[in-house]
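Working notes, structure below.
The values are calculated or read from the model by the stated rules, or taken from the named source; none is laboratory data. Not measured: the values here are computed from a predicted model. Here the Cβ is made from the backbone with ideal geometry for all residues, glycine too, and neighbour counts use every protein chain on show. The accessibility values were calculated without ligands, DNA or RNA, using every heavy atom of the protein model including side chains. Shrake-Rupley method; radii C 1.70, N 1.55, O 1.52, S 1.80 Å.
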Amino acid sequence: MNASMTSLDEYVKEEVNKYRDIYRPVKAGLLRRLFVRFLACKKIHPNPDDEFCNPAIGPNYEIISRYADEIKRIRRNDSHAKFFEEPVMVERISPDGYMLLNGHHRWAAALRMNLPKIRSKVVDLTQESDIRDMIRNAKHDKRVTLDLDEVVFCVQEGDAMEKAVPFPFSMHYKERMRYGVPALFNFLKTKGYDIWVYSEKYYSMKYIRHYFAFHHTWVDGIVTGTARRHSFLEDVRKKLANALAEKYRQTLHIDNNSLICINNKTKAYEDYPLTGNPETWSHEIIKIVGALEEHEG
């Protein structure tokens, strides 16, 4: 492929037209997902849903040039160097290859500099069919929703947290869970709630399930990679709103500073504030939910 930006535009347009509306995600095996690997740049395809491929927005050539300069600089010092410490994120697709989820500009720079391969991480993101299966297999008529990135996982230094996953698994499962989450989830299970977690990040669903299993707790719904296109959650809500409303009569949405109790039939809700104290966060929620259950009973 010619290294010029014009050729890059043409290549991206050709790839988008080739795969738009015909590709579908394919679940990747454990070995594909477990390690960062080097994948052929030509086997990785630009994502039609990404702004990078939108003619009205398009690639940022300044960013691509910066990455290309980085490759040149590293090449001068070490011809066998590994470029880009952070891997691009991809998911396996049919009919062939991998679809980019994150890292379009690094991939474009690699193409421009004629790199044969690029460091890549393969993930399995939640698809609409997965969510339908989760709803179908749900055991209860009440659910709890939480954001993984902002609520369940500790994001600030000094937050009270659960013990790390034991070594050597901690080399793979590096996230730290907010203190009290396992106890809270187990309490909610005893009260008849299904637990759904959401993340903008590109976690595989099995990764999240296995992570929670290390903490002796389980979740019923996992929605990952919501950032891969801005409309994802909106699309899912529109398509599955009726199915969720029929399955769940009540939803508790929990964040750092509040618990919102929603009646899915009437859309009425009550907002219960939390102090935000990480040491008492789970205890406060257990107390509120316990009172709600007593009142309902």
Note to self: Kirkwood Rh of the stretch 68-185, Cα pairs, one decimal, Å, is 18.4 Å
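When the Kirkwood radius is taken over all Cα pairs of the stretch 158-297, what Stokes-Einstein diffusion coefficient follows at 37 °C and 0.692 mPa s, in µm²/s?
Details: Rh = 16.7 Å.
Stokes-Einstein gives a translational diffusion coefficient of 196 µm²/s.
Quick one: dipole size for the chain, taken about the Cα centre, charges +1 on Lys/Arg Cβ and -1 on Asp/Glu Cβ, in debye to the nearest 20.
That gives the chain a dipole magnitude of about 1280 debye.
Where both residues lie in the chain, what percent of DSSP beta bridges are antiparallel, nearest 5? Working shown, then result.
Numbers: 22 of 41 bridges.
So the antiparallel bridges amount to about 55 percent of the total.
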With +1 on each Lys and Arg Cβ and -1 on each Asp and Glu Cβ, how big is the dipole of the stretch 26-149 about its Cα centre, in debye rounded to the nearest 20? 640 debye
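Tell me what the chain gives for mean residue ellipticity at 222 nm when only DSSP H runs of n ≥ 4 count, each as -39,500 (n - 2.57), the sum divided by the residue total, rounded to 500 deg cm²/dmol. If you can, show how the numbers build up before the last one.
Working: 9 runs with 108 residues, N = 297.
Helices in the chain give a 222 nm mean residue ellipticity of -11500 deg cm²/dmol.
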Extreme residue, positive dipole direction of the stretch 150-232, given options LEU184, CYS154, VAL197 (C-beta unit charges): VAL197
Could you order peptides 114-121, 219-226, 7-14 by the average number of other Cβ atoms within 10 Å of their residues, highest first? 219-226, 114-121, 7-14
Take the solvent-accessible surface of the protein heavy atoms, probe 1.4 Å, and return the percent of it on the chain that carbon and sulfur atoms account for. 51 percent
Select from LEU100, PRO87, THR126 the residue farthest towards the positive end of the dipole of the stretch 1-150; place +1 on Cβ of Lys and Arg, -1 on Cβ of Asp and Glu, and compute about the Cα centre. PRO87
Mind pulling the per residue volume of the convex hull built on the Cα atoms of the stretch 90-151? Å³ is fine. 123 Å³
Cross-link reach from LYS287 to lysines, straight Cα distance under 21 Å and at least 8 residues apart if same chain, gives LYS142, LYS189, LYS191
Choice from ARG73, ARG136, ARG106 showing the highest fluctuation, given a GNM over the chain with Cα pairs closer than 10 Å: ARG73
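Could you order peptides 15-21, 290-296 by the average number of other Cβ atoms within 10 Å of their residues, highest first?
Numbers: 15-21: 13.9, 290-296: 11.0.
So the order, starting with the most tightly packed, is 15-21, 290-296.
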Per residue, in Å², the accessible surface of the stretch 95-253 once ligands and nucleic acids are set aside, probe 1.4 Å: 46 Å²
